[in-house]
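Here the structure is laid out as structure tokens; the discussion comes afterwards.
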Amino acid sequence: MPVQCPQTEDQWRQYYDLRWQVLRAPWGQPREDCPLPDEEDAVHALICDDAGAALAVGRIIFRGEGEAQIRSMATAPARRGEGLGRQIMEFLEEAARRRGVVSILLNARTGAVPFYAGLGYRATGPGPKLFGQIEHVAMRKEL
């Protein structure tokens, strides 16, 4: 399944729906939290199934001076372990390279640290505590 940037209204709806379902709804956060204020400056990535349902999403924000941050990574729970997250990461890293980025940051939920470490990211310290309960680890990769 190819990675693409969302284009149509339905693709954007699917994209934000999956983000909300995986990253916000389990903690009682409102759907209005998606999209976030910095969406316009990001490159967005989406993988859909043959019926058009979102399976995996993510985005990268360009911070300037050769640095970017990956945020809002989500894979449909039933499709985890199929390499979809890896495809999204490769797509976003390539977008970063094309823009001259030399360092990518991210804040990984503790359960996702092994996934990102397997892609070459290293822990640099504690990350933010989201919604007062979700621990994160700050991670970085030099391209």
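The values are calculated or read from the model by the stated rules, or taken from the named source; none is laboratory data. All values reported here derive from a predicted model rather than from experimental measurement. When we count neighbours, we look across all protein chains shown, and the Cβ atoms used for this are built from the backbone with ideal geometry, even at glycine. Calculation scope for accessible area: heavy atoms of the full protein, side chains included, ligands and nucleic acids excluded. Shrake-Rupley method; radii C 1.70, N 1.55, O 1.52, S 1.80 Å.
Computed values, structure above
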item	result
So Met89, is it out of contact with any Asp or Glu (no Cβ under 6 Å at 6 or more places or on another chain) and either under 19 Å from Gln21 (Cα atoms) or in contact (Cβ under 8 Å) with a residue 40 or more places away in the chain (or both)	no
Complete set of residues in the range 30-50 that are at pLDDT 85 or above and surrounded by 14 or more Cβ atoms within 10 Å (Cβ to Cβ)	Ala42, Val43, His44, Ala45, Leu46, Ile47, Cys48
Any strands (runs of 3 or more DSSP E) falling wholly within the range 91-143 and containing at least 3 residues that are under 15 Å from the mean Cα position of the chain (by Cα) and surrounded by 12 or more Cβ atoms within 10 Å (Cβ to Cβ)	103-109, 136-142
Members of the range 13-29 that are open to solvent by less than 60 Å² (accessible area, probe 1.4 Å) and of a type outside the set (Val, Ile, Thr)	Gln14, Tyr15, Tyr16, Asp17, Leu18, Arg19, Trp20, Leu23, Arg24, Ala25, Gln29
Conditions (1) out of contact with any Phe, Trp or Tyr (no Cβ under 9 Å at 6 or more places or on another chain); (2) more than 17 Å from Asp17 (Cα to Cα); (3) not β-branched (Val, Ile, Thr): number failed by Asp41	(1)
Options Leu55, Leu84: the member that is in contact (Cβ under 8 Å) with a residue 60 or more places away in the chain, open to solvent by less than 80 Å² (accessible area, probe 1.4 Å) and touching a Leu at 6+ places or on another chain (Cβ under 8 Å)	Leu84
Hits in the range 1-12 (condition: surrounded by 11 or more Cβ atoms within 10 Å (Cβ to Cβ) and in a loop (DSSP other than H, G, I, E, B))	Met1, Val3, Cys5, Pro6
Qualifying residue in the range 37-58 (condition: out of contact with any strand residue (DSSP E or B) (no Cβ under 8 Å at 6 or more places or on another chain) and closer than 21 Å to Gly111 by Cα)	no
